[in-house]
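Quick note: the coordinates plus some simple rules give every number you see, no bench work behind them. Note that the structure is predicted; figures quoted are calculated from it, not measured. So basically every Cβ, Gly included, is an ideal-geometry build from the backbone, and we count neighbours across all protein chains shown.
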Amino acid sequence: MKQLFDSGKVTKIADLYQLQVSDLSKLDRVGERSAQKALDNLFAVKEIPLSKFVGGFDLENIGETLVEKVVNDGYDTLEKIRNATVHDLKRVELFADITANQFYNEFHSLYFDMQQALETNKITIRRRKMGSKKLEGLTFCFTGKLETMTRNEANGLVSENGGIPKNGVVKDLSYLVTNSTEQTSKYLKAQGQGSKIISEKEFLAMIND
């Protein structure tokens, strides 16, 4: 790999997907058989999740886990992430001013490279599984302990069924999901602005009914 970068043959990730056997066999100690095997391994994975695809571009201080937070917040396509503002990103779980700005700048600086990689048709982004459109147009925020799933799994269910998960009680939030009746700040804010407050069981019933 170092030889490829040193030779200038590979300067960005998209270049990897345009390599030919002849490009590798010209390198020191690489025969045609080894070159073919290397390319077969590279092209073996045809489809990957969006979070893994974006995370693979090595955004500074932004790993796949943080990208997954963005995806689970409803930005589940490359274009949706591209259209997200810094203000939008600040609302994502574990994001704050510095992380949101860094993600925004890093993503936009590499967006063209991402597009080039996809245009090779050697790699595609796996579409998120859509269970239904039962939650289409609705936003959900989960707070407190969940009994049957993790917070990430709950957010994933929202996205899979057409809804949009939110990290906080934002304006026009459709539902606050909680198993507690304790009047926390989120509970009171949701109640005050007219968001519906439901239990985890009621949330699951919305999907399963």
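List of remarks:
- FRET efficiency estimate (nearest 0.05) - Cβ-Cβ, Leu94 to Arg126, R0 22 angstrom: 0.40
- Extension gain from Thr181 to Val30, taking 0.36 nm per residue of separation minus the Cα-Cα distance: 47.8 nm
- Close amide H pairs (under 5 Å, H built 1.01 Å from N) link Ser195 with no residue at least 5 positions away or on another chain.
- The residues packed around Thr148, meaning those with a beta-carbon under 9 Å from its beta-carbon, carry a net charge of -2 if Lys and Arg are +1 and Asp and Glu are -1.
- Cα→Cβ-extended label distance, 7 Å offset, between Glu47 and Leu146, nm: 2.4 nm
- The chain: Rg to Rh, with Rh as the Kirkwood radius over Cα pairs: 1.10
- With Cα atoms defining each centre, the stretch 130-209 and the stretch 92-107 are spaced 24 Å apart in the structure.
- Summed side-chain charge close to Val70 - residues other than Val70 whose Cβ falls under 10 Å, Lys, Arg +1, Asp, Glu -1: -3
- Förster radius 25 Å - calculated FRET efficiency between Asn61 and Thr85 (Cβ-Cβ, nearest 0.05): 0.80
- For Thr148, Thr99, the sequence from fewest to most other C-beta atoms within 10 Å is Thr148, Thr99.
- Per-residue Cβ neighbour rank within 10 angstrom, fewest leading, Asp6, Asp209, Asp88, Asp113: Asp209, Asp6, Asp113, Asp88
- Ranking of Val54, Val86, Val45 by count of other Cβ atoms within 10 Å, fewest first: Val45, Val86, Val54
- Shape category assigned to the stretch 2-43 from the gyration tensor of Cα positions, a/c cut at 1.5: oblate
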